[in-house]
Amino acid sequence: MKKIITALFITICIGIIGAGNLHAVDITVGATTWYAWGSRYEKTLNYSIRKNSNYAFDPAFLYGPVVSIKFSDDFNLTFVYLYSKFNYTEEVYADDGGNLSVLSKIKRSDSDLAINYRLNDYLKLFVGVKYLGYEINLSYDDIYAGYCYSKSKHDSLGPGIGLNFTYPATENIFLLATLSGFYLWSGGEKFEDNGLYDYKYPSPMGPVSMTVAYNEYGINTNISAAYYITGWSTVISLGIRYQYFITDYAEYEPFLIDSIKNQFFGITLTATYSFSL
């Protein structure tokens, strides 16, 4: 994940340097946050062995930088990176038919790099690259059974395309709306489990590790109102954002999961400052 984010930052820096050598460019930098509620629905391969599950995430802040480079009246490059930690409680089913409520801790990264093209005064078309990453850790410590855990690392990357709508309500207030779709590939989700899913106690054979391929696809939508602070070259925007995507495993997933439907909804707040080079 660090290599991917570093490569995106390098791309932006090259764009700034290259454009600066040609003519002046407008740069916008800032920060954004998204307070989101989320849920996931796991569809299983064999319902008689493991039931379909629906989990609700504890609400959490996603936060990170925003960068935009305007090369001309028609083209600009944008970069957004969001990071968060959040929790949810998962019901782990065992071979004996019992279940156990286990707290799952998740680290999430969500990044977009896009080229935007102005179609008219209100619409922009953008195409780019999207990255999604997760680190999921579940653990259970029992005085009799001992410490058992399960963890996975999840990284996907692929193209995205969408439309951005801007409407000037007044001289300083703008209404914004974005709709986009994406399709992502992965080199494989890495799992490691030492008995949490099968027995609820550490496996005497040690942890089991495997990698499973998958694809992800979904949509993002955002509606907000922005206020331009005259004299400060600063824009403050407040809005709502919804994200929905499906994780579709390409082969046998170790815990009998066929696909996962993920959705997040919440409030966004962004502040940016613009200057010229």
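The values are calculated or read from the model by the stated rules, or taken from the named source; none is laboratory data. The structure displayed is predicted, hence computed values, not measured ones. Here the Cβ positions follow ideal geometry from the backbone for every residue, glycine too, while neighbour counts run over all protein chains shown.
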Restricting region 160-178 to residues that are under 20 Å from Tyr242 (Cβ atoms) and of a type in the set (S, T, N, Q), the one surrounded by the most Cβ atoms within 10 Å (Cβ to Cβ) turns out to be Asn164
Just checking, how many residues over region 212-227 are closer than 20 Å to Val29 by Cα and surrounded by 18 or more Cβ atoms within 10 Å (Cβ to Cβ)? 3
Residue set Ser152, Ser209, Ser203, Ser139; condition over 30 Å from Asp121 (Cβ atoms), of a type in the set (Ser, Thr, Tyr), modelled with pLDDT under 90 and under 19 Å from the mean Cα position of the chain (by Cα); output residue Ser152
When restricted to Ile267, Ile240, Ile236, Ile260, the only residue under 22 Å from Trp34 (Cβ atoms), modelled with pLDDT under 90 and assigned to a strand (DSSP E or B) is Ile260
Counting just the residues of region 56-77 that are crowded, with 16+ Cβ neighbours inside 10 Å and more than 16 Å from the chain's Cα centre (by Cα), which one comes out modelled with the lowest pLDDT? Phe71
Select from region 157-181 the residues that are under 13 Å from Val235 (Cα atoms) and not charged (D, E, K, R) and list them in ascending order. Asn172, Ile173, Phe174, Leu175, Leu176
